[in-house]
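The block underneath contains the structure these notes are about, expressed in structure tokens.
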Amino acid sequence: MSKPADQPSRQPSLADLRKDIDRIDEGMHKLLMERGEIVGRLIAVKRSQETGSAFRPAREADMMRRLVERHKGVLPLDTVESIWRVIISTFTYVQSNFSVHADLSAGDASMRDSARFHFGFTVPFIPHMGPSGVVTAVSESKGDLGLVPATAGTTAWWSALEFDAAPKIIARLPFVERADHPAAMPVFVISRVAADAMATETGVWSIRVAGWNARTAQALSAVAEFLAAPDRAFDGAALLVTVPHGHSLEGITDALVKAGATVRSTALVGSHATRYTVGAEK
């Protein structure tokens, strides 16, 4: 027998809605445990096939982009991103224990916010006062990560990354940039990872120049982001230059030479995913 057209549909009660939430919570927990079982099988495979940090910058950047693209609804993006970061980082830690070494010289609170947002509270956090200590600690480890503010240019700490056996810059955080991000400080991640795990869209180069002045700085700022530190060996500057996707190192050095600088040396010291920015509507 059909329901009369004027009979109102029954609204779910609070008890009904809470049961639905409990059911979803239980389902999410089961899925997390299932993920853990798969990671357990993954550990055996990775131990025989991979070296370096378990952190996979290319895969993680792609995962976070896909998360943003499919996200909708009332749950804030900040919340869903932080949940996924904890899940990803904790399972990475389970695969291969690692610590996060962080340079606090540009701000204790901001760097701790970035480390905890992106790596959670399970991963050990080791503070340092200055980027050199971070680079040294990561160099002496088997798979630790180093976090250095992408604005730390008082010393040429990146020169220690020029050697083949040295760790490299492997990521730039946050993976998803937006206004009012809860961990907005731009941070370079330094570590050793397998070549096939690197995100290579954006190259990061150590460049030493003579003839560094306001004119050459202005010319470089028009084509790339960079950090600059005094370089007494060449009576100029040591530069950490981010070469954006679609540009070339030759274009960067040509701009410097045209502005009057002399390029003394170049060395690739890392790479990361293209910066990914979302609008306020997300």
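The values are calculated or read from the model by the stated rules, or taken from the named source; none is laboratory data. The shown structure was predicted, so the numbers you read here are calculated from the model rather than taken from an experiment. We place every Cβ from the backbone using ideal geometry, glycine too, and count neighbours over all the protein chains shown. Just the protein is used for accessible areas: all its heavy atoms, side chains included, with ligands, DNA and RNA removed. Shrake-Rupley method; radii C 1.70, N 1.55, O 1.52, S 1.80 Å.
Out of all the residues in the range 268-282, which are open to solvent by 60 Å² or more (accessible area, probe 1.4 Å) and not in a loop (DSSP other than H, G, I, E, B)?
The answer is Leu268, Thr277.
The rows are residues; the columns are (1) of a type outside the set (Lys, Arg); (2) modelled with pLDDT of 90 or more; (3) assigned to a loop (DSSP other than H, G, I, E, B); (4) more than 17 Å from the chain's Cα centre (by Cα).
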site: Asp25; (1), (2), (3), (4): yes, yes, no, yes
site: Gly36; (1), (2), (3), (4): yes, no, no, yes
site: Lys46; (1), (2), (3), (4): no, no, no, yes
site: Ala115; (1), (2), (3), (4): yes, yes, no, no
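Would you mind finding the one in Asp103, Asp164, Asp144 that is of a type in the set (Asp, Glu) and over 23 Å from Phe226 (Cα atoms)?
After ruling out the rest, the residue left standing is Asp144.
May I ask you to list pairs of residues, at least six apart or on different chains, whose Cβ atoms are under 6 Å apart, with the first in the range 140-151 being within 13 Å of Val193 (Cβ to Cβ) and the second being part of a loop (DSSP other than H, G, I, E, B) and at pLDDT 95 or above?
Asp144/Ser99
If I ask for residues that are hydroxyl-bearing (Ser, Thr, Tyr), in a loop (DSSP other than H, G, I, E, B) and under 25 Å from Ala150 (Cα atoms), which ones from the range 80-107 would you list?
Correct list: Ser99, Ser105.
Search the range 78-106 for residues being of a type outside the set (A, V, I, L, M), in contact with an Asp or Glu (Cβ under 9 Å, 6 or more places away or on another chain) and within 20 Å of Val135 (Cβ to Cβ), and hand back the single one that is surrounded by the fewest Cβ atoms within 10 Å (Cβ to Cβ).
Ser99
Specify the residue that is most open to solvent (accessible area, probe 1.4 Å); the eligible residues are those in the range 176-214 that are among the aromatic types (Phe, Trp, Tyr) and modelled with pLDDT of 95 or more.
In this case the residue turns out to be Trp205.
For a quick check of your reading of the model, give me the residue pairs whose first member lies in the range 164-193 and is acidic (Asp, Glu), whose second is assigned to a loop (DSSP other than H, G, I, E, B), with beta-carbon atoms closer than 8 Å and at least 6 apart or on different chains.
Once the first residue is acidic (Asp, Glu) and sits in the range 164-193, its partners that are assigned to a loop (DSSP other than H, G, I, E, B) give Glu177/Ala184; Glu177/Arg275; Glu177/Val278.
Residue by residue, here is whether (1) at pLDDT 90 or above; (2) closer than 22 Å to Phe117 by Cα; (3) part of a loop (DSSP other than H, G, I, E, B) holds:
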{"position": "Ser2", "(1), (2), (3)": "no, no, yes"}
{"position": "Ser53", "(1), (2), (3)": "no, yes, yes"}
{"position": "Arg65", "(1), (2), (3)": "yes, yes, no"}
{"position": "Asp78", "(1), (2), (3)": "yes, yes, no"}
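Restricting to the range 215-263, and then to whatever is closer than 15 Å to Thr154 by Cα and charged (D, E, K, R), can you tell me which residue is modelled with the highest pLDDT?
Asp231
Determine whether the range 121-132 contains at least one residue that is more than 27 Å from Ala233 (Cα to Cα), outside any loop (DSSP other than H, G, I, E, B), without any contact (Cβ under 8 Å) to a residue 24 or more places away in the chain and open to solvent by 40 Å² or more (accessible area, probe 1.4 Å).
Checked the range 121-132: no residue is more than 27 Å from Ala233 (Cα to Cα), outside any loop (DSSP other than H, G, I, E, B), without any contact (Cβ under 8 Å) to a residue 24 or more places away in the chain and open to solvent by 40 Å² or more (accessible area, probe 1.4 Å).
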